[in-house]
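The values are calculated or read from the model by the stated rules, or taken from the named source; none is laboratory data. Everything numeric in this text was worked out from a predicted model, so none of it was measured. Note that each Cβ is placed from the backbone with ideal geometry, even for glycine, and that neighbours are counted across all protein chains shown. With ligands, DNA and RNA removed, areas are computed over all heavy atoms of the protein, side chains included. Shrake-Rupley method; radii C 1.70, N 1.55, O 1.52, S 1.80 Å.
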Amino acid sequence: MDRPRYLPQPDRLSILAATILLAYAVSRYIELEPRTLALQLPGVYLAVQINVYTLVSFLVIGLTAAGADWLLRDHPAIGQHGTIEHWLLPALTAWVIGQPLSSLPIGPLWWAGFGLGGGLLMLVLVAEYVAVDPDDVRQPAAAAGLTAVSFALYLALIVELRVEELRLFQIIPLLALGAGLVSLRTFHLRLRLWAVIEAALVAFLIGQFGAALYYWRISPATYGLILLGPAYGLTSLISSLADGESWRQALVEPILVLIVVWSAALWLR
């Protein structure tokens, strides 16, 4: 018998992607006075500025998660199963593409990012739809593609946060959260289970590593690549060990990736 091949309804997919991108486009024409939330601790003054782009980012993350659920509920194989694992990467994608759109001036580069971001978001949503059914002939390719995209988005997120020159107490929680979400999604794709403790461990270690490198005088791309290597390596190592591979087998892929990524980081510095 032929294995099933399901794709999302084009009208639902286009409506969801258009709504998310419209939120980013409209935000450029909304003017709200920035507010600063401050907290004075003994010897430390913490201040976070809230502006229209901050509000739109949270709005779009929630909109993307709800939209992904709406899109996936149409899948014949979803049944009564939850869809939360399929929200993570689309929400991260919407968050990452929104960062440069909020800072770039309106022009050819902004419109190019707008179009590429919309295309990437639609590809992620289609891949998540395909990945719902483990019997789909394209599921392994969709899972591999989602893993690759998730770590590429994490690298883009690190670079964007570094470019914005956020303070240490601002950037580290975001780096740890991103690493945790990416590893959690990868674990679920490879192991078909929620490895929350393992994802939290990856998030904690990457947060610590990012804090140690924060004051190094290196470029944002180098900073991102240095963190990307261990983030992927730890996720791959834990997944391989959970699959029953020996330590020798499980270490091959992380070491190779670490060598390649850190070599690129040294070249870019």
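Tabulated data
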read-out: Segment 172-225: number of residues that are among the β-branched types (Val, Ile, Thr) and more than 17 Å from the chain's Cα centre (by Cα); value: 3
read-out: Residue match in segment 192-205 (condition: surrounded by fewer than 15 Cβ atoms within 10 Å (Cβ to Cβ) and on the phi > 0 side of the Ramachandran plot); value: yes
read-out: Within segment 78-125, considering residues that are open to solvent by 20 Å² or more (accessible area, probe 1.4 Å) and polar (S, T, N, Q), the one nearest to Tyr29 (Cα to Cα); value: Ser102
read-out: Sole exception among (1) in a helix (DSSP H, G or I); (2) over 24 Å from Ile61 (Cβ atoms) for Asp135, by number; value: (1)
read-out: Verdict on Ser219 being out of contact with any Lys or Arg (no Cβ under 6 Å at 6 or more places or on another chain), more than 19 Å from Ser150 (Cα to Cα) and free of Cβ contacts under 8 Å to residues at least 12 places away in the same chain; value: no
read-out: Test: residue in segment 83-91 that is free of Cβ contacts under 8 Å to residues at least 24 places away in the same chain and of a type in the set (D, E, K, R); value: no
read-out: Residues that are of a type in the set (A, V, I, L, M, F, W, C) and over 16 Å from Leu13 (Cβ atoms), drawn from segment 120-145; value: Val137, Ala141, Ala143, Ala144
read-out: Ala152 within 15 Å of Pro230 (Cα to Cα), free of Cβ contacts under 8 Å to residues at least 60 places away in the same chain and surrounded by fewer than 17 Cβ atoms within 10 Å (Cβ to Cβ); value: yes
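Per-residue answers, yes or no, for (1) more than 23 Å from Pro173 (Cβ to Cβ); (2) modelled with pLDDT under 70:
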site	(1), (2)
Met1	yes, yes
Pro4	yes, yes
Pro10	yes, no
Ser14	yes, no
Tyr29	yes, no
Val52	no, no
Ile61	no, no
Ala77	yes, no
Thr83	yes, no
